[in-house]
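The block underneath contains the structure these notes are about, expressed in structure tokens.
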Amino acid sequence: MRDVCYNAFLPFGAALSLKRLQALGRGLGSLMWAALPARRRETTSCVRDRLGVAEWRARELARESFRHSACSFLEIFHTRQVDPRFLRDRVEFENPELFERMSSTLRPVVATTAHLGSWELLVGLIGAFSSRSDCHVVVRLPKDEELGRMIMHMRSQPGIRILPHRDAATETLGHLRAGGMSAFLVDHNCKRAEAQFLPFLGEVAAVNKGPAILALRAKAEVWPCFLLRLPEGRFRFVTLPCLDTACLTGSRAERIESICRFYTDAVERMVRMYPEQWFWMHRRWKTRP
């Protein structure tokens, strides 16, 4: 029954313009804010404690986060329409020289990002600007298999290969060693066995060390990048300076920790700058040391 519902919703979502998807997302986020009082309180408290802001400001940021996050999830229906023209007409670049270096380097690239801004559209942009072979995008899929298949379908497009994270390690490592690009969301909670425990927004969090291990084994460059939402349906692509894992020293464990700390610090920097665009509803600090 669920697959019928998902398949019926697909053409409806895909037929909507980006402007209508974003309007629908804002409305859905406002509805969730009103209908989920427990999650509303939990998110507000998290914003207040992690950012050290007043209660009224925390509530304001939490409400905006609900709206932005709903927009981001619905933008998956527009991912397949992201092309070089979209890049030219709607996207500005905060660090164009770094973007050029990331997209033209001959080294293996591990691109790291977060549930911040328009992360679903970022998947499409990677395929639009990358001149390499297919970029591997490693994702965590929901337990609902039908929903997972729909997400895989919406994210897949020419130039993009979507891999479930449980089965991705061997194929992604080979892809990187051949000089490819692989992208990861690195701000989600993970199991203790997968975690490097590091400070994040003033509290120790479980940081997924999988991307760090792959980057180290492939001697890759690690490039943090983010797609921020601007008014009027425009976006800002932010590329931060990279970490060359081939230049790291110390034991294997120390180098893995350095890479995890590098991309975690990059996410924290962006969340502090654009807190309303981060997915605060996620229970980021659930797994404890």
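Bear in mind these aren't lab numbers, they're just calculated from the coordinates by the rules spelled out. Not measured: the values here are computed from a predicted model. Cβ placement follows ideal geometry from the backbone for every residue including glycine, while neighbour counts extend to all protein chains displayed.
Annotations for the structure displayed:
- Calculated on C-alpha atoms, the gyration radius of the stretch 190-240 divided by its Kirkwood radius gives an Rg/Rh of 1.12.
- For the stretch 138-223, the Stokes-Einstein estimate of translational diffusion at 20 °C and a viscosity of 1.002 mPa s comes to 150 µm²/s, using the Kirkwood hydrodynamic radius over alpha-carbon pairs.
- Annotation for the stretch 234-265 versus the stretch 209-233: alpha-carbon center distance of 9 Å.
- Spin-label model distance (nm) - Ser30 vs Asn189, 7 Å beyond Cα toward Cβ: 3.0
- Taking amide H atoms as placed 1.01 Å from N in the peptide plane, the amide H of Ile160 lies under 5 Å from those of Cys135, each 5 or more residues away in sequence or on another chain.
- When shorter helices are ignored and each DSSP H run of at least 4 residues is given -39500 (n - 2.57), the per-residue value for the chain at 222 nm works out to -16000 deg cm²/dmol.
- Between Asp167 and Arg41, the contour length at 0.36 nm per residue exceeds the alpha carbon distance by 41.7 nm.
- Taking packing as the residue-averaged number of other Cβ atoms within 10 angstrom, the listed peptides 153-161, 245-253, 214-222, 43-51 run from highest to lowest as 214-222, 43-51, 153-161, 245-253.
- The stretch 1-81 - Rg over Rh from alpha carbon coordinates, Kirkwood radius: 1.10
- Model label zone, Arg177; criterion: amide N under 12 Å from point 7 Å along Cα-to-beta-carbon; scope the stretch 193-224: 217-219
- Rounded FRET efficiency, nearest 0.05, which uses the C-beta distance separating Glu100 from Ser17 and R0 of 30 Å: 0.50
- Each eigenvalue of the Cα gyration tensor of the stretch 83-276, multiplied by 5 and square-rooted, gives one semi-axis; in descending order these are 23, 19, 19 Å.
- The chain: relative contact order as a whole-number percent, Cα under 8 Å and 6+ apart: 23
- Close amide H partners of Val207, meaning residues 5 or more places away or on another chain with modelled amide H under 5 Å apart, are Gln196, Phe197, Leu198.
- Backbone amide hydrogens, once placed in the peptide plane, bring Asp187 within less than 5 Å of His115, excluding anything fewer than 5 places away on its chain.
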